[in-house]
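Each remark here refers to the structure printed beneath this line.
The values are calculated or read from the model by the stated rules, or taken from the named source; none is laboratory data. In this text the structure is predicted, and so the values were computed from the model without any measurement. Reconstructed Cβ throughout: ideal geometry from the backbone, glycine too, with neighbour counts over all protein chains shown. Areas reflect the complete protein model, heavy atoms only, side chains present, ligands, DNA and RNA absent. Shrake-Rupley method; radii C 1.70, N 1.55, O 1.52, S 1.80 Å.
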Amino acid sequence: MPSPLSLPKYRPDIDGLRAIAVLAVVAFHAFPTWVQGGFIGVDVFFVISGYLISTIIFENLDKNTFSIGEFYLRRIRRIFPALILVLAAGYVLGWLTLFADEYKQMGKHIAGGAGFISNYILWNDSGYFDGIAEKKPLLHLWSLGVEEQFYIIFPILLFVLWRSKLNLFVITLLMAIVSFELNIYETEANPIAAFYSPQTRFWELMCGSLLAWAATHKNEVIQYIDGWLNKHPSVAPYRKQAAFVGTPWKHVASFAGLFSIVFGFFQISKDLSFPGKWVLVPVLGTLLVISAGKGSWPNRTILSNGILVWLGLISFPLYLWHWLFLSFARIIEGETPSREIRAACVLVSIFLAWATYKFIERPIKNGAYSPYKAPILLLLMLAIGSLGYAVYRQNGFPARAIAQKYLSYTESIKMTSRLNECFDIPYAYKKDGNWFCNLGDNTIPATVFAYGDSHALSMLPALEMFSKENNINIQFAGTSGCPSLLGIQSMRGSAKIEMHDCQNLNERVFEYAKKAKIGYVILINRWVYYTGSESRPHEINYIARAPNEPISKKSSASDFEWAVRNTVERWRGIGVKVAFLEDIPQQLHHPKDILPKGRGAEKNYMKYSVELGEHTRNQSWVNSILRRQNASVINLDDVLCVNNRCPPVSNSRFIYFDDDHLSIDGSKLVYPKLKVELRKFLEN
């Protein structure tokens, strides 16, 4: 039996703080309008974890009793039991309820969760056509990935530094500063990376580590401060106040910390640049609360309350269970579940968290010693991770009953296979070659160039059919979030992102068409994405005439109107005819969301489709501008809408890839009408 690591004295107030953090996260996920910043509970967890685990490391290093092997065995006994159970439950629930592509993704996330790399997998999944977050039952494991990656690296690093007799506090402080600066930079340059990357999150755990070092070396800290005061006589009058800090100021610190955390719950929102500087609110608040000690009044009376302590003890399994059930409820219902269903999910999660803690976690962690516990847990984790990987490799086991039941629908949710060849080509505006593709016979000189954003991509199958049927070569290029309008810049994400340098890409198309003697251009875009719509507000990808700053919805609309007029004038100035394709109806839901599990799809899909009137209102302003130009305009509403509704399904097949992009089937559906209109355009 190995010698146990020395553990810090138990602090019930920290469990109370854990309870507040997990309740905020659960409330945010179940009732987001109640606690809009509840997601910062994860940041509170990071600091607590950094403090507690680092306290163990520092105390045992000082006593020369630290064992890396024993440290990791404790982590296995602490983390693995509940996680294995939740991953297994996700595997079973996914088998019963998910379509093949959904279950394939679930399998990848199970494997990622078992390997503690969920944050990297979710980071890579966060593409333009990625599914909605609410339909990823293991989304919340990203934070566990960050935490465990920290504990794979940090203890070994500290041990090496300690053996080298280097200053652990100073080096930890420097690493925390570097990580924080990376967080600030990436939040502006690449927000998704800033959210999921361990390099931009480690500083939060290191803040807890720095506090742990200060608490472990309290006498050294006091001696340092006393020596500093002796060397600076000018601050001598404040020595009494400095000595007074030990009592009332602890209460003030705890109150200030709690206020900071609660302030963040209600004032921080997902619309802010997060983590960035805003994450300092929960991090500093947590540091103040912990540093105040268990004797401070708020910690002793509020945080050490029996109910909060109990919730804190079950906080880890509660965090694991709650999102799994809320996400599957969203999937099964086909839309946001009712308040009653969400409340039931929370109650079931609390019960299962208690049962997991009482009957699984405690016996394994605190029960009689056995050398077989950790190896068995490792084998179980390897098994569940392998099962997840098998699901991924087998494409979600499409022969399952639920997948077969809706096979005709799910098979139709496809985008063109030429996405990588024809679209989002990195740095297309300056790449030497292969920055566009040929939709027809490339031995035939091209006379038509089609380009635009991802809505142009969704029309690619129809354009390809037209090219081949009419023996012409249409050339195509496009980038997501880049309207095919001359003289403007897309502000999607950041104008600094070269891949979305729409202005230069569009100028390249213009110069190429002039040189290649292209006679016709077809402009296809999600027009309201750049202007907004009163009838259907959504996130706007602003556009601006560089260097027109600052940008706003109003300036984006005026620039859009100018750009449409300027685009037509410039094309016609070199003898090129222009055709605008008005945008398709944008659905209210992702197409698979109209297939609630256990309900008949055919009788429900029309209920969830967008009304023709709403679609018309949504597009009216941009369409009026397109129609006022000296250009051809193509509208496909009469094909996509019937009986004053525009359904996402036709003949038991999805015609939409998601809520606003046509699938291959949708593109083929509109082809007969598009063919007639394009022939008219080319014959004029």
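If you go through segment 162-177 one residue at a time, do you hit one that is basic (Lys, Arg) and either open to solvent by 40 Å² or more (accessible area, probe 1.4 Å) or closer than 23 Å to Ile56 by Cα (or both)?
Here is the first cut: in segment 162-177, the ones basic (Lys, Arg) are 163, 165.
Next, from what is left, pick out any that are either open to solvent by 40 Å² or more (accessible area, probe 1.4 Å) or closer than 23 Å to Ile56 by Cα (or both): 163, 165.
The answer is yes, given that some residue of segment 162-177 is basic (Lys, Arg) and either open to solvent by 40 Å² or more (accessible area, probe 1.4 Å) or closer than 23 Å to Ile56 by Cα (or both).
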Legend entry - Residue identified as closer than 30 Å to Ala194 by Cβ, assigned to a helix (DSSP H, G or I) and open to solvent by 10 Å² or more (accessible area, probe 1.4 Å) among Ser327, Ser269, Ser273, Ser260: Ser260
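Within segment 607-640, track down each residue that is charged (D, E, K, R) and either within 17 Å of Ile655 (Cα to Cα) or in a strand (DSSP E or B) (or both).
Let us first name the residues in segment 607-640 that are charged (D, E, K, R), namely 607, 611, 614, 617, 627-628, 637-638.
Those that are charged (D, E, K, R) and either within 17 Å of Ile655 (Cα to Cα) or in a strand (DSSP E or B) (or both): Lys607, Glu611, Asp637, Asp638.
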Legend entry - Looking only at segment 655-684, and only at residues there that are aromatic (Phe, Trp, Tyr) and in contact with a Ser or Thr (Cβ under 8 Å, 6 or more places away or on another chain), the one that is nearest to Ser480 (Cα to Cα): Phe657
Inset, instruction - Determine the pairs where a residue that is at negative phi, located within segment 618-646, has a partner that is assigned to a loop (DSSP other than H, G, I, E, B) and basic (Lys, Arg) with Cβ atoms under 9 Å apart, the partner being 6 or more residues away or on another chain. - result: Asn618/Arg536
Inset, instruction - Restricting attention to segment 2-60, report how many residues are assigned to a loop (DSSP other than H, G, I, E, B), touching a residue at least 40 places away in the same chain (Cβ under 8 Å) and either open to solvent by less than 30 Å² (accessible area, probe 1.4 Å) or of a type in the set (Ser, Thr, Tyr) (or both). - result: 6
Legend entry - Qualifying residues in segment 625-654 (those that are touching a Ser or Thr at 6+ places or on another chain (Cβ under 9 Å) and of a type in the set (D, E, K, R)) - the one surrounded by the fewest Cβ atoms within 10 Å (Cβ to Cβ): Asp637
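Take Asp659 and tell me if it is open to solvent by 30 Å² or more (accessible area, probe 1.4 Å) and part of a helix (DSSP H, G or I).
Values: open to solvent by 30 Å² or more (accessible area, probe 1.4 Å): yes; part of a helix (DSSP H, G or I): no.
It is false that Asp659 is open to solvent by 30 Å² or more (accessible area, probe 1.4 Å) and part of a helix (DSSP H, G or I).
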Legend entry - Residue, farthest from Phe116 (Cα to Cα), within segment 355-382, restricted to residues that are open to solvent by 80 Å² or more (accessible area, probe 1.4 Å) and aromatic (Phe, Trp, Tyr): Tyr369
Inset, instruction - Output yes when any residue across segment 85-103 is under 24 Å from Ser273 (Cα atoms), open to solvent by 30 Å² or more (accessible area, probe 1.4 Å) and not charged (D, E, K, R), and no when none is. - result: no
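Kindly provide the set of residues from segment 325-365 that are of a type in the set (S, T, N, Q) and at pLDDT 90 or above, ordered by number.
As a first pass, look at segment 325-365 and keep what is of a type in the set (S, T, N, Q): 327, 336, 338, 349, 356.
The answer is Ser327, Ser338, Ser349, Thr356.
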Inset, instruction - Would you confirm whether any residue within segment 629-649 is closer than 20 Å to Ala579 by Cα, of a type in the set (Ser, Thr, Tyr) and more than 38 Å from the chain's Cα centre (by Cα)? - result: yes
Inset, instruction - Please verify whether segment 299-320 includes one or more residues that are open to solvent by less than 10 Å² (accessible area, probe 1.4 Å), over 19 Å from Leu23 (Cα atoms) and assigned to a helix (DSSP H, G or I). - result: no
Inset, instruction - Test His589 against the stated conditions and say whether it is in a helix (DSSP H, G or I), open to solvent by less than 60 Å² (accessible area, probe 1.4 Å) and either without any contact (Cβ under 8 Å) to a residue 40 or more places away in the chain or farther than 17 Å from Leu463 by Cβ (or both). - result: no
Legend entry - Neighbours by Cβ (under 9 Å, 6+ apart or cross-chain): first from segment 542-570, more than 17 Å from Asp501 (Cα to Cα) and in a loop (DSSP other than H, G, I, E, B); second of a type in the set (Gly, Ala, Ser) and modelled with pLDDT under 90: Pro550/Ala544
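Out of Glu614, Glu683, I need the residue that is open to solvent by 10 Å² or more (accessible area, probe 1.4 Å), touching a Lys or Arg at 6+ places or on another chain (Cβ under 8 Å), more than 17 Å from Leu457 (Cβ to Cβ) and not small (Gly, Ala, Ser). Which one? Step through it out loud before you land on a result.
Values: Glu683 fails: touching a Lys or Arg at 6+ places or on another chain (Cβ under 8 Å).
Testing whether each residue is open to solvent by 10 Å² or more (accessible area, probe 1.4 Å), touching a Lys or Arg at 6+ places or on another chain (Cβ under 8 Å), more than 17 Å from Leu457 (Cβ to Cβ) and not small (Gly, Ala, Ser) leaves just Glu614.
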Inset, instruction - Please name all residue pairs, on different chains or six or more residues apart, with Cβ atoms under 7 Å, provided the first residue is in segment 661-684 and is of a type in the set (Asp, Glu) and the second residue is surrounded by 17 or more Cβ atoms within 10 Å (Cβ to Cβ) and outside any helix (DSSP H, G or I). - result: Asp665/Ser412; Asp665/Arg653; Asp665/Phe654; Asp665/Ile655; Glu677/Ile634
Inset, instruction - Give me a count of the residues in segment 179-193 that are free of Cβ contacts under 8 Å to residues at least 60 places away in the same chain, open to solvent by 70 Å² or more (accessible area, probe 1.4 Å) and of a type in the set (Asp, Glu). - result: 1
Inset, instruction - Answer yes or no: is there a residue in segment 277-284 that is touching a Pro at 6+ places or on another chain (Cβ under 8 Å), assigned to a helix (DSSP H, G or I) and at pLDDT 95 or above. - result: no
Inset, instruction - Residues being under 24 Å from Ser349 (Cβ atoms), open to solvent by 20 Å² or more (accessible area, probe 1.4 Å) and either of a type in the set (A, V, I, L, M, F, W, C) or at pLDDT 95 or above (or both): count how many of those fall in segment 116-141. - result: 5
Inset, instruction - State which residue is nearest to Glu677 (Cα to Cα) when the search covers only segment 508-529 and only residues that are over 38 Å from the mean Cα position of the chain (by Cα) and open to solvent by less than 50 Å² (accessible area, probe 1.4 Å). - result: Tyr520
Legend entry - Verdict on Val521 being outside any helix (DSSP H, G or I), modelled with pLDDT of 75 or more and either of a type in the set (Lys, Arg) or closer than 22 Å to Leu439 by Cβ (or both): yes
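Considering segment 342-354 alone, what residues qualify as being open to solvent by less than 60 Å² (accessible area, probe 1.4 Å) and among the β-branched types (Val, Ile, Thr)? Let's see the steps before the verdict.
Looking only at segment 342-354, we keep the residues that are open to solvent by less than 60 Å² (accessible area, probe 1.4 Å), and these are 342-346, 349-350, 352-353.
Across segment 342-354, the qualifying residues are Val346, Ile350.
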Legend entry - The one condition in (1) within 21 Å of the chain's Cα centre (by Cα); (2) farther than 29 Å from Pro81 by Cβ; (3) at pLDDT 95 or above; (4) not small (Gly, Ala, Ser) that Asp271 fails to fulfil: (3)
Legend entry - segment 638-655, residues that are of a type in the set (D, E, K, R) and within 18 Å of His589 (Cα to Cα): Arg645, Arg653
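Can we say Ile79 is without any contact (Cβ under 8 Å) to a residue 60 or more places away in the chain and either buried (at least 18 other Cβ atoms within 10 Å of the Cβ) or small (Gly, Ala, Ser) (or both)?
Details: without any contact (Cβ under 8 Å) to a residue 60 or more places away in the chain: no; either buried (at least 18 other Cβ atoms within 10 Å of the Cβ) or small (Gly, Ala, Ser) (or both): yes.
Judged against the criteria, Ile79 is not a match.
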Inset, instruction - Output the number of the condition that Leu588 fails; it satisfies all remaining conditions of (1) at pLDDT 90 or above; (2) under 31 Å from the mean Cα position of the chain (by Cα). - result: (1)
